[in-house]
1. At 0.36 nm per residue, and after removing the present C-alpha to C-alpha distance, how many nm does the segment from HIS10 to SER79 gain when stretched out fully?
2. Once fully extended, how much extra length lies between GLN3 and GLU69, figured as 0.36 nm per residue of separation less the alpha-carbon to alpha-carbon distance?
3. If r is the Cβ-Cβ distance from GLU86 to GLU58 and R0 is 22 Å, what FRET efficiency results, to the nearest 0.05?
4. In the neighborhood of SER66, defined by Cβ-to-Cβ distances under 13 Å, what is the net charge if each Lys or Arg adds +1 and each Asp or Glu adds -1?
5. Set the Förster distance to 22 Å, then compute FRET efficiency between ILE43 and ALA109 from the Cβ-Cβ distance, nearest 0.05.
6. On a 21 Å Cα-Cα criterion, which of the cross-link pairs LYS38/LYS84; LYS16/LYS97; LYS20/LYS113 come out too long?
7. What is the helix-to-structure angle for 3-13, meaning the angle in degrees between its Cα long axis and the longest Cα principal axis of the chain, kept from 0 to 90 and rounded to the nearest 10?
8. Determine, for each peptide in 104-115, 21-32, 56-67, the mean count of other beta carbons within 10 angstrom over its residues, then list the peptides with the highest first.
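Please treat every number below as a calculation from the coordinates, not as lab data. The structure displayed is predicted, hence computed values, not measured ones. No Cβ is skipped: glycine too gets one built from the backbone with ideal geometry, and neighbour counts run over all protein chains shown.
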Amino acid sequence: MNQALLNKIHSEQFRKDDAKFNVGDSVRVHTKVVEGEKERIQIFAGIVIGKRGSGLNETFLVRRISYGEGVERIFPIHSPRVEKVEVERHGQVRRAKLTYLRKRIGKGATLVKEKAKVAAPKKAK
């Protein structure tokens, strides 16, 4: 297939309001759910523990603890089913995949250090 045509098709599929989030951030993913003829928005809140892929195939993995059980869900970033991604808080992590959170229990399973806001340095007199 002609590469220019393929690029044009891909550019139409890309999400316009690109959400700025990273691994370690706590997010709320608003997804469209179709039940019969009705459509509603369902929210899945958790910690982003991984991102993979590029272009239209880019996905992210969100993990949360529900009734004492860990639940993970993979979302395509550019899917029309994903309404929006809200960042609740930015986490500061030093690795690309947070799979070690799967082994943790209780509060430690959701504990990611919050990114500190850097204050402007004071002037010396």
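1. So the chain would gain 23.6 nm between HIS10 and SER79.
2. That works out to 19.2 nm of additional length.
3. 0.75
4. +1
5. 0.65
6. Long pairs (Cα-Cα over 21 Å): LYS16/LYS97.
7. 70
8. Highest to lowest by the protection proxy: 21-32, 56-67, 104-115.
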